Amino acid sequence: MARPREFDDSAVLDAAMELFWEKGYEATTTQDLCDRTGLGRGSLYNAYGSKHALYEDSIKRYAATRAALQLDELAPNGGSARQRLRDLMISMIDLDLKDPGRRGCLALNAATEVAGRTGDVGGLVARQFQDLEGALAVLISIGQSTGELRADRPPLQVARMFQSAYYGLRVLAKVTDDRQALLDVVDGTVDAL
């Protein structure tokens, strides 16, 4: 009979997620994970199998916690579609500029870090991108149907344009303190809707 886990799985996943988010997959060592989670090497491997499996679980955790908040902001629950899209971008600017480590978006970081993009990582990240794209398309469709947003382009096309600007904004926020430059991106994107 397997021994029950003597640690809080959520706390370990949160700690691992934060570490991978700070350092990336390749720069994170097993010892770093042990130090951050408080687990010994044996416990870590027994519970998660490998560093890469824990990385995948960390990306899933990010989707279930941080990325889910973005989707909640876009849920069709009344209010101005244009304002909710703008608010999403501004809330990310605020989060990114307050973060002393300028980590940006873990999913975006995982998509661009070749070393960790094996196994299920690509699919997990693609799923997060697809979920955001779908939520954007629904909100944009609503905005188009009410006349709030231009209706001369398919909602999915507009969602993809917005998503590209959104992720570009997340990258820019990693390297600049110029909030006005970031707001220019937001205003230009929202004005194009």
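The values are calculated or read from the model by the stated rules, or taken from the named source; none is laboratory data. In this text, all values refer to a predicted model and were calculated from it rather than measured experimentally. Note that we place each Cβ from the backbone using ideal geometry, even for glycine, and neighbour counts take in every protein chain shown. Note: accessible area is taken over every heavy atom of the protein model, side chains too, but ligands, DNA and RNA are not part of it. Shrake-Rupley method; radii C 1.70, N 1.55, O 1.52, S 1.80 Å.
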Most mobile of Val171, Val158, Val114 per a Gaussian network model of the chain (Cα springs, under 10 Å)?
Val114
Measuring from a point 7 Å past the Cα of Lys174 along Cα-to-C-beta, which residues in the range 73-112 have an amide N at less than 18 Å?
92-112
So with the 1.4 Å probe, I'd like the accessible area per residue for the chain, rounded to whole Å².
50 Å²
Can you find, among Gln130, Leu69, Gly168, the residue sitting farthest towards the positive end of the charge dipole of the chain, where Lys and Arg contribute +1 and Asp and Glu -1 at Cβ?
Gln130
Given an 8 Å cut-off on Cα distances and at least 6 residues of separation, report the relative contact order of the chain as a percent.
24 percent
Rounded to whole Hz, the Karplus (6.51, -1.76, 1.60) HN-Hα couplings of the range 91-103, x for glycine and proline:
5, 6, 4, 4, 4, 5, 6, 6, 7, x, x, 6, 6
FRET efficiency (Glu148, Asp99; Cβ distance; R0 41 Å; to 0.05) is 0.80
When the chain is modelled as a GNM with alpha-carbon springs shorter than 10 Å, which of Arg103, Arg66, Arg170 fluctuates the most?
Arg66
Between (i) 0.96; (ii) 1.04; (iii) 1.19, which matches Rg/Rh (Cα atoms, Kirkwood Rh) calculated for the structure shown?
(ii)
Taking a ≥ b ≥ c as the square roots of the Cα gyration tensor eigenvalues, with a/c under 1.5 meaning rounded and otherwise prolate when a/b beats b/c, else oblate, which class fits the range 9-60?
rounded
Using alpha-carbon positions, what is the distance between the centroids of the range 133-147 and the range 15-70, in Å?
35 Å
Round to the nearest 0.05 the FRET efficiency obtained for Glu26 and Leu71 when R0 = 25 Å and r is the Cβ-Cβ distance.
0.30
Each residue of the range 65-82 in order: what ³J(HN,Hα) in whole Hz does its phi give by Karplus 6.51 cos²θ - 1.76 cosθ + 1.60, θ = phi - 60°, with x for Gly and Pro?
10, 5, 5, 4, 5, 5, 5, 4, 5, 9, 4, x, 9, x, x, 6, 4, 4
Between Ser10 and Arg82, 0.36 nm times their residue separation minus their Cα-Cα distance comes to what?
22.4 nm
Carbon and sulfur atoms: what percent of the 1.4 Å accessible area of the chain do they account for?
53 percent
Reach of Lys98 by Cα under 22 Å, taken over lysines that are not fewer than 8 positions away in the same chain
Lys23, Lys174
Once phi is turned into θ = phi - 60°, what whole-Hz ³J(HN,Hα) does the Karplus curve with 6.51, -1.76 and 1.60 give for every residue of the range 125-136, x standing for Gly and Pro?
5, 4, 5, 5, 5, 5, 4, 5, 4, x, 5, 5
Under the 7 Å Cα-to-Cβ spin-label approximation, His52 and Ala115 lie apart by a distance in nanometres of 1.4 nm
